[in-house]
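S.K.: First the structure, then my questions, so here it is.
The values are calculated or read from the model by the stated rules, or taken from the named source; none is laboratory data. In this text, all values refer to a predicted model and were calculated from it rather than measured experimentally. All Cβ positions, glycine included, derive from the backbone under ideal geometry; neighbour counts span all protein chains shown. These area figures cover heavy atoms from the full protein model, side chains too; ligands, DNA and RNA do not enter into them. Shrake-Rupley method; radii C 1.70, N 1.55, O 1.52, S 1.80 Å.
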Amino acid sequence: MLTGLIIIFLLVLFLPFSSKVVEENLEIFLFFMGVLAVFISQVYTEALFFKAAIAPINIAIAVFIAGVLFKWFRRGLQNSIVYVSERVPFWFFIFFTVIFLGLISSVITAIIAALILVLIASSLPLHRQSLIIFVVLSCFSIGLGASLTPIGEPLSTIAISKLNEDFFFLINLVGKEILIALLFFGLLAAILVKPPRQTDKFSKMVQNEEEGYGEISIRSLKIYFFVMGLTFLGAGFEPLISQYLINLSPSALYWINTLSAVLDNATLAAAEISPSMSNQTIQAILLGLLISGGMLVPGNIPNIIAAGKLNITSKEWAKIGLPIGLVFMLAFFMVLLFIQ
């Protein structure tokens, strides 16, 4: 079992970078890897199948509805976004957007925040590199900000449920650290994202890329299988996590949780978090999961939505996400050591 799961993990980690076919069909690839993982771990049950089949329905519907609304109102919304961006300093617009998306994701969910990000990013005539930097930093912000409340993303819902805590527990536990991170992500975006040029050329290009209903439906279906695959992957790796990782120190768990870059962070949280743990240990686990979730495309649902809609490849994402994520992981690790 151990050998099989290690092989699956390595395939999930490296194939999106080395195979164009896998990269273009990442959602389906992760689904099949998830199915394989649960059979290798021998945890495949009827209950797991129904859980995996039902869990993505709301997400897929939300993506479909947002895609249709995006199609109907895209031009007017784009004009409004461009209008505002041209009347405030560009650096401030980028700075505010990254922080705002992070904060609002805790209320409107990370998925809807990611769809708003796609609309904003596709409305700005950014050069390719600036577009990728803006999207990756915004997804880091969304992934972190969504964890502030139990309604923002599955990880926070599971954490609150397992710990039997109130609505504001996570805000009190990691709120300060997350707000500092959002501020730095916003500042970094304001510095690295260059002002747009060649607006007319870009606007024509965007108008010609309008999606049809078939494309919207296919993307929603891919998201369904992506979330289903993550559920299977998490369940398949859970016996391994329970056997080898659960009793490690907070510092070790913090770094091991870089697995969240390719595995479902909600499942990792479900396997690792226990009411018997101290708040410092839970804090270390959550921050490790949340920060590393932005490093690679499979790390968070907002990543896969934004990358898929804006045609950002796994390699392009990793070139920005990995170094930024590792720097923030190291910075927060030093903070955690200091407060312990």
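S.K.: Using a 1.4 Å probe on the protein heavy atoms, what percent of the accessible area of the chain belongs to carbon and sulfur?
M.R.: On the chain, the fraction of accessible area on carbon and sulfur atoms equals 68 percent.
S.K.: Here is a follow-up. Go through 69-76, 102-109 and give me the packing order, highest mean Cβ count within 10 Å leading.
M.R.: 102-109, 69-76
S.K.: If you don't mind, there's one more thing I want to ask. Here is the link list: Lys51/Lys222; Lys20/Lys309; Lys194/Lys309; Lys20/Lys319; Lys194/Lys222. Which ones come out longer than 27 Å on Cα distance?
M.R.: Listed pairs above 27 Å: Lys194/Lys222.
S.K.: Would you mind putting 54-67, 8-21 in packing order, based on average other-beta-carbon counts within 10 Å, highest first? Walk me through the numbers before you get to the answer.
M.R.: Numbers: 54-67: 17.6, 8-21: 15.1.
Final packing ranking: 54-67, 8-21.
S.K.: For the peptides 288-297, 37-46, 118-127, what is the packing order when you average, over each peptide's residues, the other Cβ atoms within 10 Å and list the highest mean first?
M.R.: Result, highest mean Cβ count within 10 Å first: 288-297, 118-127, 37-46.
S.K.: Turning to a different aspect of this structure: Compute the helix-to-body angle for 90-108: its Cα long axis versus the longest principal axis of the chain, expressed 0 to 90° and rounded to tens.
M.R.: 40
S.K.: Then there's this: Of Glu215, Glu272, Glu177, which has the largest mean-square fluctuation in a 10 Å C-alpha GNM of the chain?
M.R.: In the Gaussian network model the winner is Glu215.
S.K.: Computed from the mean reciprocal separation of all distinct C-alpha pairs, what Kirkwood hydrodynamic radius does the chain have, in Å?
M.R.: Details: mean 1/r = 0.0495 Å⁻¹.
After inverting the mean inverse Cα-Cα distance, the result is 20.2 Å.
S.K.: Still on this structure, please answer the following. So between Val68 and Tyr83, what do we pick up on full extension, going 0.36 nm a residue minus the alpha carbon distance? Write out the running numbers ahead of the final one.
M.R.: Details: separation 15, 0.36 × 15 = 5.40 nm, distance 2.30 nm.
Working it through step by step, the gained length comes to 3.1 nm.
S.K.: Which value, in Å², gives the accessible area per residue of the range 72-205 when a 1.4 Å probe is used on the protein heavy atoms?
M.R.: 47
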